[in-house]
1. Report the label-to-label distance for His39 and Val125 in nanometres (one decimal), using points 7 Å from each Cα along the Cα→Cβ vector.
2. So if each residue of separation counts as 0.36 nm, and I subtract the Cα-Cα distance between Thr94 and Arg207, what length gain in nm does that give?
3. Return the whole-Å distance between the Cα centroid of region 244-282 and the Cα centroid of region 88-109.
4. Could you work out the local net charge near Ala74, counting Lys and Arg as +1, Asp and Glu as -1, over the other residues with Cβ closer than 10 Å to its Cβ?
5. With each label point set 7 Å from Cα along the Cα-Cβ vector, what nm distance links Arg222 and Val181?
6. Can you give me the distance in nm between label points at Arg114 and Asp32, each placed 7 Å from the Cα along the Cα-to-Cβ direction?
7. Roughly speaking, to the nearest percent, how much of region 74-159's 1.4 Å accessible area is carbon and sulfur?
8. Using only the heavy atoms of the protein chains and a 1.4 Å probe, how would Val278, Val27, Val125 rank by accessible area, largest first?
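The values are calculated or read from the model by the stated rules, or taken from the named source; none is laboratory data. Please read these numbers as outputs of a predicted model, since none were measured by experiment. Quick reminder, even Gly has a Cβ in these numbers, built from the backbone with ideal geometry, and neighbours come from all protein chains shown. Accessible surface areas use protein heavy atoms only, side chains included; no ligands, DNA or RNA. Shrake-Rupley method; radii C 1.70, N 1.55, O 1.52, S 1.80 Å.
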Amino acid sequence: MRLRLATALLTGLVLAGPGHAQAPAAVPVPMDRQIGAEHLAAHRAAYRLSLSNAREAGNIASANGAMAYEVLDACDGWTTRQRFSLTITDREGTEIETASDYATFESRDGRRLRFTLTQMTQGAVTSRVSGEAELQADGSGVVRYSEPEVKEERLPPGTMLPNRHTILSLNAARSGQRLLVGPLFDGTSADGVQDSTTVMSAWDAPREVAEFPSLSPLGSVRMRIAFFDRDAQQQGGGATTPSYEVSLRYWENGIADNLTMDFRDFVVDGRMVKLEAVPGGC
């Protein structure tokens with residue numbers, strides 16, 4: 001799951017207690033096997049957002065909202081949709097409503113991505129990004145933008161697309177690896193690829209999950225993903241501050257909870273409050 005302030009609650013998915021949700025069936029992957037795209041769970045999840053803290057130099061008094069995330073099996077790939085709505089109140093009581101709608105199709109082999117992103121402030125569209133990326137076997141490739149302008153950007157070797165990054169991170173954690181570093185492209189910026197650093201905890205064995213029992217048979221890992229502006233990284237010799245960070249727990253089927261999103265000026269917590277299966281696929 002790729003999360004940034006670039007993602008209104010999914011139509012028809014009402015925030016409710018977990019007791020009202022039908023959770024996806026959980027099928028553990030044996031530890032001697034690699035997690036693949038076929039193991040990701042088609043699902044819808046809803047999250048309640050609240051302010052965790054604001055930087056001292058900032059002017060944020062409160063932040064509340066909701067996020068919905070949907071993953072659908074499209075046979076030869078996965079479609080995802082992430083909608084995000086947040087109302088920010090400053091210390092003078094002024095409210096600013098931000099929302100975004102981010103949708104992708106990523107092929108199962110992790111080499112093609114179609115993407116579109118619409119961002120809004122106070123109900124007015126402020127930006128759109130759309131296009132398609134294609135990767136070669138070594139991760140190099142090209143992204144062709146259709147919005148905000150028609151252009152092409154090269155993608156460096158080792159580039160990861162969003163679902164591919166999730167799968168690589170899960171497998172790395174299961175094998176005892178604690179760090180995954182590489183360029184990541186998700187289509188949320190017209191500036192091309194970003195550098196990323198993913199720090200993972202030790203792999204957690206299955207345990208009881210009272211709120212969402214269907215996750216109980218699954219292993220999981222907590223990780224923190226930092227995103228860096230690639231140009232600033234290269235000009236500064238790699239020592240730059242992340243433009244955005246997200247901490248979360250990933251279950252081995254790609255479902256995430258316990259989100260913390262760091263937007264630099266303020267930090268937002270996301271608590272999963274609903275989870276339901278999406279039947280279908282091939």
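1. Between His39 and Val125, the label points sit 4.0 nm apart.
2. Result for the pair: 36.3 nm of gain on full extension.
3. Rounded to whole Å, the Cα centres lie 14 Å apart.
4. -2
5. Placing both labels 7 Å along Cα→Cβ, they lie 2.4 nm apart.
6. 4.1
7. Carbon and sulfur: 45 percent of the exposed surface of region 74-159.
8. Sorted descending by solvent-accessible area, the residues read Val27, Val125, Val278.
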